[in-house]
Amino acid sequence: MIETDFIRSVRWENNRVVLLDQQKLPLKTEYIHLDDVKGVWESIHSLKVRGAPAIGIAAAFGLALWASKFAGQSIEDFRTGLRIQRDYLASSRPTAVNLFWAIDRVVAAAFHAKIVEEAKQTVLAEALAIQTEDEAVCRKIGEYGLSLLQQGDTVLTHCNAGGIATARYGTALAPIYLSKEQGIELSVYATETRPVLQGARLTAWELGQIGVDVTLITDNMAAHVLKNKNISAVIVGTDRIAANGDVANKIGTLGLAVLAKAFNIPFYVASPLSTIDLTISSGEEIPIEERTEDEVTHWNGERVAAEGVNIYNPAFDVTPHEYITGIITEKGIITGDLQEGLQKVKTI
Ligand code: MRU
């Protein structure tokens, strides 16, 4: 197995949440030690921890932090408090459904407990289970994803859906991790992913750490690369998939999907089942986070845009299902009628 411990971006250690500060990468590898829910909320909101599954895991540990400090004896008070913390953490970011999925799962598990001590233990156990399961899920996604690729293939990816965005291995990058283990040589083009540069700062760094042949391009080079560089597939992660197969992912994903279709290149979305939201019928209903203007107006802390210019900064876009060749899940690859396939995998 290749060494992947460096990508463990969320940890529970000595009753504290330890996060790899993804805002400092790749220049500094720094860890933040948190002992209150507010710190977890702020870390999610400010992208110190980011990527749909990692956000969910961090928030679940946030609830565990609160539970570990609860000093009362009333199970009713515990339940009420846990719900309040759940709502608070849910307000940190709106698009990635894994956040809500994870904290709701923790709350539901704790509600079966009859006494406070049992509830406290259940909250932590559930958060740890979410993390452990995510690692296994990502590995499975990697196996299915790798079955689509061959020695010498080149993949284009967007944003960062790698190990640091999950418990381990990532989703879109999981096939790449597995290819390294199996001695299959693949190359990757990573788009820099304006405005926050997850591709440049995170994906290029992460793949470099495991010795993958990765080439960084700016976002506006994607059409040229897809047309000329013999790309075998585009593989991206996702923050939420609606029941009809529409996919929300990092802003810029939609453009890549349209380009992939134009150049007849398969466009795959790697997604754990926890990212599939069957409660919404189409991508129209997915809330799209809008972030602050300075992400667009400033470069490395320096203003580059004219003062007073109007700014629009959506962090995600929605790719309509008809642009998607397949969805790679831990239960297999869904192709064809995505709506039917999603229903099926969610009920297995
Ligand atoms: O704003 P971010 O960096 O949290 O956005 C992350 C993405 O869009 C990822 O592609 C997605 O969460 C999948 S991570 C496995």
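The values are calculated or read from the model by the stated rules, or taken from the named source; none is laboratory data. Here the structure is a predicted model, which means the values were calculated and not measured. Neighbour counts run over all protein chains shown; Cβ positions are idealised from the backbone, glycine included.
Tell me, yes or no, whether region 88-105 has at least one residue that is buried (at least 21 other Cβ atoms within 10 Å of the Cβ), of a type outside the set (S, T, Y) and over 15 Å from the mean Cα position of the chain (by Cα). Looking for residues that are buried (at least 21 other Cβ atoms within 10 Å of the Cβ), of a type outside the set (S, T, Y) and over 15 Å from the mean Cα position of the chain (by Cα), one finds at least one in region 88-105, hence yes.
As a summary of the residue check, E118 satisfies the conditions (1) part of a loop (DSSP other than H, G, I, E, B); (2) more than 27 Å from Q23 (Cβ to Cβ); (3) of a type outside the set (K, R); (4) modelled with pLDDT of 95 or more except for the one numbered (1). Residue pairs whose Cβ atoms lie under 7 Å apart, separated by 6 or more positions or on different chains, with the first residue in region 184-213 and assigned by TED's automatic domain parsing to the domain that holds Q151 and the second of a type in the set (D, E, K, R) and in a loop (DSSP other than H, G, I, E, B), are L186/D153; Y189/K229; G199/E192; A200/E192. Of the residues making up region 172-201, just one is within 12 Å of the ligand (Cβ to nearest atom), part of a helix (DSSP H, G or I) and more than 14 Å from the chain's Cα centre (by Cα), namely R201. Number of residues in region 326-348 that are assigned to a loop (DSSP other than H, G, I, E, B) and either out of contact with any strand residue (DSSP E or B) (no Cβ under 7 Å at 6 or more places or on another chain) or not assigned by TED's automatic domain parsing to the domain that holds T171 (or both) equals 5. Among the residues of region 103-123, those that are touching a Leu at 6+ places or on another chain (Cβ under 9 Å) and of a type in the set (A, V, I, L, M) comprise I103, V106, V107, A110, A119, V123. The number of residues in region 87-113 that are free of Cβ contacts under 8 Å to residues at least 24 places away in the same chain and under 17 Å from A125 (Cβ atoms) comes to 4. Working only within region 8-22, note down all residues that are in contact with an Asp or Glu (Cβ under 9 Å, 6 or more places away or on another chain) and within 17 Å of S92 (Cα to Cα). If the condition is that a residue be in contact with an Asp or Glu (Cβ under 9 Å, 6 or more places away or on another chain) and within 17 Å of S92 (Cα to Cα), then V17, D21 are the ones that fit. When residues in region 108-123 are screened for being closer than 17 Å to G62 by Cα and acidic (D, E), 0 of them pass. Could you check, for region 227-249, whether at least one of its residues is assigned to a helix (DSSP H, G or I) and either away from the ligand (no atom under 14 Å from the Cβ) or closer than 21 Å to D337 by Cβ (or both)? Taking every residue of region 227-249 in turn, at least one turns out to be assigned to a helix (DSSP H, G or I) and either away from the ligand (no atom under 14 Å from the Cβ) or closer than 21 Å to D337 by Cβ (or both).
Can you report the number of residues in region 230-258 which are over 20 Å from G163 (Cβ atoms) and among the β-branched types (V, I, T)?
5
Screening the candidates Y169, Y144 for the property of being surrounded by 24 or more Cβ atoms within 10 Å (Cβ to Cβ), aromatic (F, W, Y), at pLDDT 95 or above and within 16 Å of the ligand (Cβ to nearest atom) yields one hit, Y169. Looking at region 250-269, is at least one residue assigned to a loop (DSSP other than H, G, I, E, B), surrounded by 23 or more Cβ atoms within 10 Å (Cβ to Cβ) and touching a residue at least 40 places away in the same chain (Cβ under 8 Å)? No; the residues of region 250-269 include none that is assigned to a loop (DSSP other than H, G, I, E, B), surrounded by 23 or more Cβ atoms within 10 Å (Cβ to Cβ) and touching a residue at least 40 places away in the same chain (Cβ under 8 Å). Evaluated against (1) buried (at least 22 other Cβ atoms within 10 Å of the Cβ); (2) hydroxyl-bearing (S, T, Y); (3) in contact (Cβ under 8 Å) with a residue 40 or more places away in the chain, S74 falls short on exactly one condition, (1).
The set of residues in region 112-139 that are charged (D, E, K, R) and under 16 Å from the mean Cα position of the chain (by Cα) comprises E133, D134, E135, R139.
Working only within region 270-280, note down all residues that are near the ligand (Cβ under 9 Å from one of its atoms) and either outside any loop (DSSP other than H, G, I, E, B) or among the aliphatic types (A, V, I, L, M) (or both).
So the first thing to find is which residues in region 270-280 are near the ligand (Cβ under 9 Å from one of its atoms), and the list is 270-272, 275.
Listed by number, the residues that qualify are A270, T275.
Could you please let me know if L25 is within 16 Å of the ligand (Cβ to nearest atom) and assigned to a strand (DSSP E or B)? Criteria not met by L25. Sub-6 Å Cβ pairs linking a first residue in region 303-332 that is free of Cβ contacts under 8 Å to residues at least 24 places away in the same chain to a second residue that is part of a loop (DSSP other than H, G, I, E, B), at least 6 apart or interchain, are I311/E293, ordered by first then second residue.
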